[in-house]
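Only one structure is covered here, and it is reproduced in the block below.
The values are calculated or read from the model by the stated rules, or taken from the named source; none is laboratory data. Being a predicted model, the structure only gives us computed values, none of them experimental. We place every Cβ from the backbone using ideal geometry, glycine too, and count neighbours over all the protein chains shown. Side chains are part of the model used for accessible areas, which takes the heavy atoms of the whole protein and leaves out ligands, DNA and RNA. Shrake-Rupley method; radii C 1.70, N 1.55, O 1.52, S 1.80 Å.
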Amino acid sequence: MFFDTHAHYDDERFDNDRDAVLKSLPEAGIGAVVNPGCTADSSRAAIALAERYDIVYAAVGLHPENCAGADEADFAALEALAAHPKAVAIGEIGLDYYWEENPPRAFQKEVMARQMALAEQLDLPVVIHDRDAHGDCMDMVRAFPGVRGEFHCYSGSVEDARILLDRGWYLGFGGALTFKNARKAPEVAAYAPLDRLLLETDSPYLAPVPFRGKRNDSRYLPYVAERIAAIKGICAEEAERITWENALRFFALEGTR
Ligand code: NI
């Protein structure tokens, strides 16, 4: 079975067929999905999906692109949602310096730091979004040595990966790994130990080849697993089994599935 560690089924692009897609996942070999939140509302929606579907778990968090105006009420809402039995991480949180219209960097950092502190307090792993903000994200990792987590859709260097791996962090890889122009990600996937890799789709975004540009969903995850298997020189079944176990360990779900 496959574990999709990152899929946004609360996204409006699933409004017309969300139930049909989610119901079809088990027969496609998808045994578990973590749906990260991007705002307090989206985190609430993630929890609602987790309550409705056995295979869905939630992460709760404020995404850097969506954190404008984040206030105490949002942080209190996250803390309350994180107490839910199917809330398995704080995410997705992080820094995004790619889009100019994103909230100011200083504010993004403040919001991320608050959520790193919340993860530490609740002893939950974090799911990090890092786009064009590698240096500041690494500083944040160093500033919270008690926090463990994952960089989703890892796009950093092998050097930064080594620092993260040494600190017990995990690296998430998805459709971007299958793109023809992918350079750094395959290099890092080859370098990282197999037991620290997490598979993800980031649905509805980043569909793998040969579906690039289409709406993504967890049923395309096997294409990512195949790519990982090819990079590691193992069979696809082994990549599937090991990344499944990795995700259970990472989200502390061992013994529950
Ligand atoms: Ni995401």
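What you get for the range 47-192, charging only the Cβ of Lys and Arg (+1) and of Asp and Glu (-1), is a dipole of about 500 debye around the Cα centre. What residues qualify as long-range amide H neighbours of Tyr57, i.e. H under 5 Å apart, gap of 5 or more or another chain, H built at 1.01 Å from N? When sequence neighbours closer than 5 places are left aside, the close amide H contacts are Val33, Val34, Asn35. Based on protein heavy atoms only, the range 108-257 ends up with 43 Å² per residue of surface accessible to a 1.4 Å probe. The residues of the range 1-71 have, on average, 38 Å² of accessible surface per residue, using a 1.4 Å probe with all protein chains present. Amide hydrogen proximity for Ile30: with H placed 1.01 Å from N in the peptide plane, the residues at 5 or more positions away or on another chain lying under 5 Å are Phe2.
In whole percent, and with a 1.4 Å probe on the protein chains, what portion of the accessible area of the chain is carbon and sulfur? Answer for the chain: carbon and sulfur cover 49 percent of the accessible area. With a simple spin-label model that places each label point 7 Å from the Cα along the Cα-to-Cβ direction, the separation between Glu237 and His134 comes to 3.8 nm.
Coupling constants for the range 32-45 follow from the phi torsions by the Karplus curve (6.51 cos²θ - 1.76 cosθ + 1.60, θ = phi - 60°), and in residue order they are 7, 9, 10, 9, x, x, 10, 9, 4, 5, 5, 5, 4, 5 Hz; glycine and proline get x.
Normalised by the number of residues in the range 38-85, the average gap of Cα pairs under 8 Å and 6 or more apart makes the relative contact order 44 percent. Label positions at Glu159 and Lys23, each projected 7 Å from the Cα along the C-beta direction, are separated by 5.3 nm. Accessible surface ranking for Glu12, Glu100, Glu237, 1.4 angstrom probe, highest first: Glu100, Glu12, Glu237. Between Ala230 and Glu12, the FRET efficiency estimated from the beta carbon spacing at R0 = 35 angstrom works out to 0.55. Segment Ala76..Tyr98, full-extension length gain: 5.1 nm, with 0.36 nm per residue of separation and the alpha-carbon distance subtracted.
Only Lys, Arg, Asp and Glu carry charge here, each on its Cβ (+1 for the first two, -1 for the last two); on that basis the chain has a dipole of about 720 debye about its Cα centre.
Stretched out straight at 0.36 nm per residue, the stretch from Arg215 to Glu187 would grow longer than its current Cα-Cα span by 7.4 nm.
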